[in-house]
Amino acid sequence: MSADAYKRAAAEHGAALVEDGMRVGLGTGTTVAFLLPALAARRLDIVCVATSVETERAARELGLDVRAFDELDRLDIALDGADQVAPSGWIVKGGGGAHTREKIVAAAADRFVVLVSPEKLVDEVHAPVPLELVPFGLLATLRALGEARVRGIPRSPDGGVIADYLGEVGDPRGLADRLARTPGVVDHGLFPPELLSEVVVGEESGVRTIGF
Ligand code: 5RP
């Protein structure tokens, strides 16, 4: 099976976890692109928030009710992809540069479900770790971070510069704390285990769910 087929299997399983009346967070990326039609096809009475302009547009085109995320203060479930998933429960997100909004949405959800193909499973999380940086003082922030590079993609919808930390990760919590403490860093793509409820991995035989 191709990576896309695994992503689709995981995404369709994710769509089946959503129930009538739920407030649903929608992630960003190619896995979420499989989730959206599967979710729309269920014709549930749900309201959604989107983590990117792309997801918002695609979800609306499919008839999903997407609200601004200043209308809701919590979500029942958030569904998203990831770039790396470690057995420790640390994940890396932000391959699409949407990690700041994705983390806000994940943190607001009672249940955060990550949908991946098997090649996203890693022994330990590693660089690159996506960053969103305030444009003001950008060079000084990059200097303070050390091994970090601007990615060269459009700014986030919130005006942030998307970059990547390229150094050693080592202890993810230590690095997450250091990145969060660095002035000019809006947020980073290290998501701690306590944010995560479960990971759904698409496999040959269907899906495997790893609980956290
Ligand atoms: C976007 C993300 C994505 O969830 C992550 O990059 C995985 O993407 P894909 O589903 O395309 O493999 O964090 O910011």
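Quick notes on this one:
- Rg over Rh [alpha-carbon atoms, Kirkwood Rh] for the range 17-89: 0.97
- Burial order of peptide ranges 173-179, 156-162 (average beta-carbon count within 10 Å, highest first): 156-162, 173-179
- The C-alpha atoms of the range 1-126 occupy a region whose extents along the principal axes are 38, 30, 23 Å, arranged from largest to smallest.
- Under the Karplus curve 6.51 cos²θ - 1.76 cosθ + 1.60, θ = phi - 60°, whole-Hz ³J(HN,Hα) for the range 195-212, x wherever Gly or Pro sits: 7, 8, 9, 7, 10, 9, 10, x, 9, 3, 8, x, 9, 10, 10, 10, x, 10
- Translational diffusion of the chain, µm² s⁻¹ [Kirkwood Rh, Cα pairs; Stokes-Einstein; 20 °C; 1.002 mPa s]: 124 µm²/s
- The range 129-188, Rg to Rh (Cα coordinates; Rh as Kirkwood inverse mean 1/r): 0.93
- 3J(HN,Hα) along the range 159-173, derived from phi through the Karplus expression 6.51 cos²θ - 1.76 cosθ + 1.60 where θ = phi - 60°, amounts to x, x, 8, 8, 9, 9, 7, 10, x, 5, 8, x, 6, x, 5 Hz, with x in place of Gly and Pro.
- For the chain, DSSP calls about 55 percent of its internal beta bridges antiparallel.
- Excluding the site residues themselves, the longest part of the chain lacking any GluC sites (Glu not before Pro) in a DSSP loop with at most 15 other Cβ atoms within 10 Å is 72-123.
- Here is the list for the range 7-73: trypsin sites (Lys or Arg not before Pro) lying in DSSP coil, each with at most 16 other C-beta atoms within 10 angstrom of its C-beta, are 42, 43, 67.
Read the figures in this text as sums done on the coordinates, not as results from a lab. Because the structure is predicted, anything quoted here is derived from the model rather than measured. In this analysis, Cβ positions are derived from the backbone assuming ideal geometry, glycine residues included, and neighbour counts consider all displayed protein chains.
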